[in-house]
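The values are calculated or read from the model by the stated rules, or taken from the named source; none is laboratory data. This is a predicted model, so every value here is computed, not measured. No Cβ is skipped: glycine too gets one built from the backbone with ideal geometry, and neighbour counts run over all protein chains shown. Please note that ligands, DNA and RNA were not included when accessible areas were found on the heavy atoms of the full protein model with its side chains. Shrake-Rupley method; radii C 1.70, N 1.55, O 1.52, S 1.80 Å.
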Amino acid sequence: GDETFPENINTFSAPEKNAPDLVKGSYAAYIQFKSLPDDETRKTIENSGISFIGYVHFGAYLALIPAGFDIKTLADFGAKSVIKPNPEWKMHKNLKEPPFGEWAVHGQQVDIVVQIYPNLTIAEGKKLALGKNLTVLEQGTQNGYLLLRVDQALLNEVATLPFIQWMELLPQPGEKEDFNGRSLHRANLLDSEHPMGKKYNGAGVNILVRDDGAVGPHIDFQGR
């Protein structure tokens, strides 16, 4: 949806150094600038201890800000707003539209994929999740990935946890014969049964497949 950030650079109240919403001495917030900062400006801000995580239109960056940082100094670089993430912004819409897919539901619980903030190791994120009595089903190796099983009634509460950057429903299991992929890649338009279809069926075309070793056992060549 659309959000309008107030110009609060001179009135924003940063959390205290012992505040519960700090993660390893930093807190997450969106910093919006009047105009896009150039590379030199960004480097200067980053050298002051702020870590930019991602960009949001227009002129806003999700960032990690160290506790004790004087927010007012960002006005010198054209910043106008500093807004802490609304928990609802952390949730994919598939967590706001029950009923959830049966592959992810286990009684009153649901499996969700979460991403933790990058100033934490995944092991540290797992430890924080366990400290909140969350069930960790899987620990990833990159991108802050954790797979959790939580009570459906507690999804909004989980989104308030300061170490969680993003959360979404566990994706539907993939299928070896994924016919949906044809429409996803628009390949269905090449060999459509429609009278105006291209009728490209692959005859006379050679292809190279490199993702499964020898060609023989590759599933895409079975039954063709």
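Just a few scattered comments:
- Any hit, the stretch 49-64, residues being under 20 Å from the mean Cα position of the chain (by Cα), of a type in the set (Phe, Trp, Tyr), surrounded by fewer than 19 Cβ atoms within 10 Å (Cβ to Cβ) and closer than 24 Å to Gly125 by Cβ: yes
- The set of residues in the stretch 41-54 being without any contact (Cβ under 8 Å) to a residue 40 or more places away in the chain and of a type in the set (A, V, I, L, M) consists of Ile45, Ile50.
- Residue among Val209, Val205 that is aliphatic (A, V, I, L, M), modelled with pLDDT under 95 and either under 30 Å from Pro15 (Cβ atoms) or under 31 Å from the mean Cα position of the chain (by Cα) (or both): Val209
- Residues located in the stretch 130-154, provided they are surrounded by 13 or more Cβ atoms within 10 Å (Cβ to Cβ), in contact (Cβ under 8 Å) with a residue 24 or more places away in the chain and part of a helix (DSSP H, G or I): Gln152
- Matching residues, the stretch 67-115, being aliphatic (A, V, I, L, M) and part of a helix (DSSP H, G or I): Ile71, Leu74, Ala75, Leu95
- Neighbours by Cβ (under 7 Å, 6+ apart or cross-chain): first from the stretch 55-79, in contact (Cβ under 8 Å) with a residue 40 or more places away in the chain; second open to solvent by less than 60 Å² (accessible area, probe 1.4 Å) and part of a helix (DSSP H, G or I): Phe77/Thr41; Phe77/Ile45
- Looking across the stretch 104-156, the residues that are in contact with a strand residue (DSSP E or B) (Cβ under 6 Å, 6 or more places away or on another chain) and among the acidic types (Asp, Glu) come down to Asp111, Glu138, Asp151.
- You will find that of Lys24, Lys34, Lys43, Lys127, the residue that is open to solvent by 60 Å² or more (accessible area, probe 1.4 Å), at pLDDT below 95 and more than 17 Å from Asn156 (Cβ to Cβ) is Lys24 and no other.
- Residues within the stretch 4-40 that are part of a loop (DSSP other than H, G, I, E, B) and in contact (Cβ under 8 Å) with a residue 40 or more places away in the chain, tallied: 20
- The residues of the stretch 40-52 that are under 13 Å from Ser26 (Cα atoms) and of a type in the set (A, V, I, L, M, F, W, C), listed by number, are Ile50, Phe52.
- Looking across the stretch 161-199, the residues that are part of a loop (DSSP other than H, G, I, E, B) and either under 18 Å from Gly223 (Cα atoms) or among the charged types (D, E, K, R) (or both) come down to Glu175, Lys176, Glu177, Asp178, Phe179, Arg186, Asp191, Glu193, Lys198, Lys199.
- The stretch 96-119: number of residues that are under 18 Å from Thr160 (Cβ atoms) and touching an Asp or Glu at 6+ places or on another chain (Cβ under 6 Å): 1
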